Amino acid sequence: MQELDQTVTIGATVPTGFEHTAAEEVQEKLEATARVSKNRGRIYFDITTDKLFKEEVQLDWQELATKLPWTNALEVWKLNNSIKKKKGRRKRTNPTKSDQCGNFSTKSTDTVPSDPEELLVDLEALEVKENQRDVSSQPEDDSEEEKHSEIQDQESGVTPLKFRVTCNRAGEKHCFTSNDAARDFGGAVQEFFQWKADMTKFDVEVLLNIHNNEVVVGIALTVESLHRRNITHFGPTTLRSTLAYGMLRLCKPQVSDVIVDPMCGTGAIPLEGVMEWQNSFFLAGDNNGTAVSRSVNNIKHIVKRTHDEGSPSGLPLDIVQWDLCNLPMRSSSVDIIITDMPFGKRMGSKKKNWELYPLCLREMARVCKPGTGKAVLLTQDKKCFLKALLQMEGLWRKSHTVWVNVGGLHAGVFVLKRTAVVFGTTSEDVMEPHTATGSQKENMKDASQ
């Protein structure tokens with residue numbers, strides 16, 4: 001077996017727009033320098049295999065690391081797959097702390113390798129490329145000849161693996177479609193390995209990621225995407241967990257920080273926070289009772305899961321049903337405010353946002369600590385938000401903006417800093433900051449996540 005301290009190239013699939021945030025996390029936790037891929041949503045970094053499990057992970061994965069034949073990616077997949085079947089772990093798995101922004105994969109670039117032994121591991125294709133995603137179109141043949149072949153395989157004790165090829169392609173100068181690439185590459189894989197194509201009940205999913213003239217080939221190892229981790233009860237506009245984690249990384253939470261999500265919806269942001277920053281306190285709320293109930297159920301699920309894994313019960317998190325324009329909190333008591341604001345698309349409307357956004361920013365400024373407080377706010381209604389921010393320029397300063405893709409919508413994550421001005425001493429807060437009219441409350445209820 002090869003030594004564990006050999007260098008490998010790891011690829012991580014991250015939410016589009018958070019590539020540099022993920023690169024900072026790699027530097028912080030693995031002490032490796034990451035390179036942002038030309039294809040948005042991916043980073044690559046070189047690391048020795050002895051550092052892959054620097055952070056605390058489950059014991060079975062630690063033991064597995066010493067047994068994996070790292071020079072042969074296909075054998076890695078086979079061994080991993082056999083262990084998962086043996087232990088019955090085909091359910092969603094928890095990411096390690098080194099893998100919160102996305103999933104790992106090894107990298108193969110330039111052209112499709114002619115030798116299938118050069119196929120390198122891709123643990124997850126989390127973010128689907130914006131313009132095209134197709135699956136190999138080779139249909140499963142139920143002819144008598146194939147059935148006869150299956151009988152012969154069973155008699156000989158050899159069961160061929162079933163596979164499919166998924167192609168993610170980006171670029172305009174290709175003379176082929178994603179479906180063409182998946183079909184041709186799938187035919188080569190089938191011919192060499194004698195595997196059988198099956199679009200639904202496959203054992204192996206071969207990933208073919210193409211960006212202009214760069215090709216990355218991999219084998220998916222995880223069953224489900226990490227963007228749904230920690231969430232069991234979904235709402236109409238539930239925020240992706242991976243995106244929520246990226247927003248939290250922008251905050252840089254510190255020990256004992258009080259972090260508030262005033263429009264929590266199903267609780268994706270606070271749940272990601274308590275799983276990673278357990279020395280901070282998270283308070284979340286929503287004015288919609290159904291949303292609060294979903295958040296409570298998601299918290300119960302996490303508490304039960306951590307208890308079953310032997311971790312201490314309880315989370316530094318509380319959920320409250322409240323009115324956003326009249327938060328039941330003392331002034332200057334919050335360190336960080338982070339939330340997914342209503343886009344005015346599926347919930348509410350852009351017209352209502354013109355009235356809602358200034359009220360939100362004003363009340364957030366009241367509870368946030370002057371001089372040191374921060375706010376990380378996600379919205380697709382950029383014009384309305386920037387107008388509201390201009391009205392509150394005495395209370396908030398925009399630090400920077402991260403542009404992200406949220407369900408096909410071009411949205412912005414706005415990082416704000418609270419000015420040192422004490423609330424109540426500027427012209428921006430002359431209007432009653434804690435009281436909303438009946439129509440405003442109705443607008444917030446419609447816009448609730």
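The values are calculated or read from the model by the stated rules, or taken from the named source; none is laboratory data. Because the structure is predicted, anything quoted here is derived from the model rather than measured. Note that each Cβ is placed from the backbone with ideal geometry, even for glycine, and that neighbours are counted across all protein chains shown. These accessible areas exclude ligands, DNA and RNA; they are computed on the full protein's heavy atoms, side chains included. Shrake-Rupley method; radii C 1.70, N 1.55, O 1.52, S 1.80 Å.
Each peptide in 176-187, 389-400, 208-219, 242-253 gets a packing score, the mean of other Cβ atoms within 10 Å over its residues, and the list from highest to lowest is 242-253, 208-219, 176-187, 389-400.
Pairs exceeding a 23 Å alpha-carbon distance, out of K29/K382; K300/K417; K252/K398: K29/K382; K300/K417. Kirkwood radius and radius of gyration were both taken over the C-alpha atoms of the stretch 171-281, and their ratio Rg/Rh is 1.15. Working value for the stretch 340-409: equivalent-ellipsoid semi-axes of 21, 14, 10 Å, each the square root of 5 times a Cα gyration tensor eigenvalue, largest first. Each part gets one Cα centre, and for the stretch 274-300 versus the stretch 336-393 those centres are 20 Å apart. Please turn the phi angles of the stretch 12-28 into ³J(HN,Hα) values with the Karplus equation 6.51 cos²θ - 1.76 cosθ + 1.60 (θ = phi - 60°), one per residue in order, whole Hz, x for glycine and proline. 3J(HN,Hα) across the stretch 12-28, in whole Hz: 10, 8, 10, x, 4, x, 10, 4, 6, 5, 5, 4, 5, 5, 4, 5, 5. Computed over protein heavy atoms with a 1.4 angstrom probe, the accessible surface ordering of H227, H410, H301, largest first, is H410, H301, H227.
In the P(r) worked out for the stretch 256-358, what percent of Cα pairs fall beyond 23 Å? Counting pairs separated by more than 23 Å, the tail of P(r) holds 30 percent.
How large is the Kirkwood hydrodynamic radius of the stretch 209-262, in angstrom, based on all distinct alpha carbon pairs? About 14.7 Å, per the Kirkwood formula over Cα pairs.
Using the Kirkwood formula over every pair of different C-alpha atoms, what hydrodynamic radius in Å results for the stretch 304-383? After inverting the pairwise mean of 1/r, the radius is 14.9 Å.
Taking only protein heavy atoms into account and a 1.4 Å probe, give the accessible area per residue of the stretch 314-399 in Å². Don't jump to the answer; show the numbers that get you there.
Values: 3430 Å² over 86 residues.
Per residue, the stretch 314-399 has an accessible area of 40 Å².
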